[in-house]
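A short worksheet on the structure shown next.
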Amino acid sequence: MLIAVSAFVPTAEDDPGEDSADVGFARDMAVHHQQAVEMSFIVRDRTDDEEVRLLAYDIINTQANQRGMMLGWLENWGASKSTNTPMVWMPGHEGGGHGGGGPMPGMATDEELDALREAEGRDAEVQYLELMTVHHRGGVDMAAAAVARADTEEITRLAAGMVEAQESEISLMADMLEERGA
């Protein structure tokens with residue numbers, strides 16, 4: 001005897017469109033995460049402080065994994081992975097960000113990244129913690145907007161987790177900066 005099982009099977013019609021908050025967030029946050037990973041690799045090589053290196057290691061692993069998930073969703077949705085118009089999905093941030101002056105909220109400038117590459121020891125730690133705090137604040141803004149605007153469970157759940165995790169890391173980094181007299 002065969003039993004018919006009815007299950008929801010997603011189709012291309014269920015995928016978010018290129019102009020959706022889901023696609024825009026996944027695309028832009030993948031870029032945002034890439035810079036956080038880059039900064040974390042830089043500081044890892046510029047300090048011997050185990051606390052900072054552990055934070056950097058955690059950010060590298062968490063954000064690289066999340067970036068991979070978002071790029072995978074874009075692939076599955078048939079959406080492009082890059083755009084010439086970042087942030088159009090987030091009202092008030094179309095084409096530009098705040099905090100570091102980059103194309104998205106919290107992004108560090110090329111000059112700030114170059115300064116981090118040149119710094120060593122405590123100076124590298126402080127620069128990294130300050131840059132990453134601004135970066136995370138921008139990421140929290142983006143993730144909170146995605147929670148409010150996204151239609152897919154994948155993006156809503158991931159973005160909500162990002163808000164919680166990055167707010168926790170912002171608090172940790174504030175303590176670390178205080179410990180370093182910054």
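The values are calculated or read from the model by the stated rules, or taken from the named source; none is laboratory data. None of these values were measured; they are calculated from a predicted model. Cβ coordinates were reconstructed from backbone atoms using ideal geometry, including for glycine residues, and neighbour counts include every protein chain displayed.
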Checklist outcome for this item: Residue hits (segment 50-80; touching a helix residue (DSSP H, G or I) at 6+ places or on another chain (Cβ under 9 Å), surrounded by fewer than 21 Cβ atoms within 10 Å (Cβ to Cβ), hydrophobic (A, V, I, L, M, F, W, C) and within 18 Å of residue 129 (Cβ to Cβ)) are 60
Next on the checklist: Going residue by residue through segment 88-104, is there one that turns out to be within 17 Å of residue 34 (Cβ to Cβ), modelled with pLDDT of 90 or more and either among the charged types (D, E, K, R) or surrounded by fewer than 20 Cβ atoms within 10 Å (Cβ to Cβ) (or both)?
Outcome noted: no
Checklist entry - Would you pick out the residues in segment 108-161 that are free of Cβ contacts under 8 Å to residues at least 60 places away in the same chain and in contact with a Pro (Cβ under 7 Å, 6 or more places away or on another chain)? => result 141
Item to check | segment 108-133, subset within 15 Å of residue 59 (Cβ to Cβ) and of a type in the set (D, E, K, R), residue surrounded by the fewest Cβ atoms within 10 Å (Cβ to Cβ) | outcome: 130
Checklist outcome for this item: Restricting attention to segment 138-182, the residues that are among the basic types (Lys, Arg) and either at positive phi or surrounded by fewer than 17 Cβ atoms within 10 Å (Cβ to Cβ) (or both) number exactly 2
Checklist entry - Where residues in segment 19-49 are over 13 Å from the mean Cα position of the chain (by Cα), under 21 Å from residue 105 (Cβ atoms) and not hydrophobic (A, V, I, L, M, F, W, C), which of them is surrounded by the most Cβ atoms within 10 Å (Cβ to Cβ)? => result 22
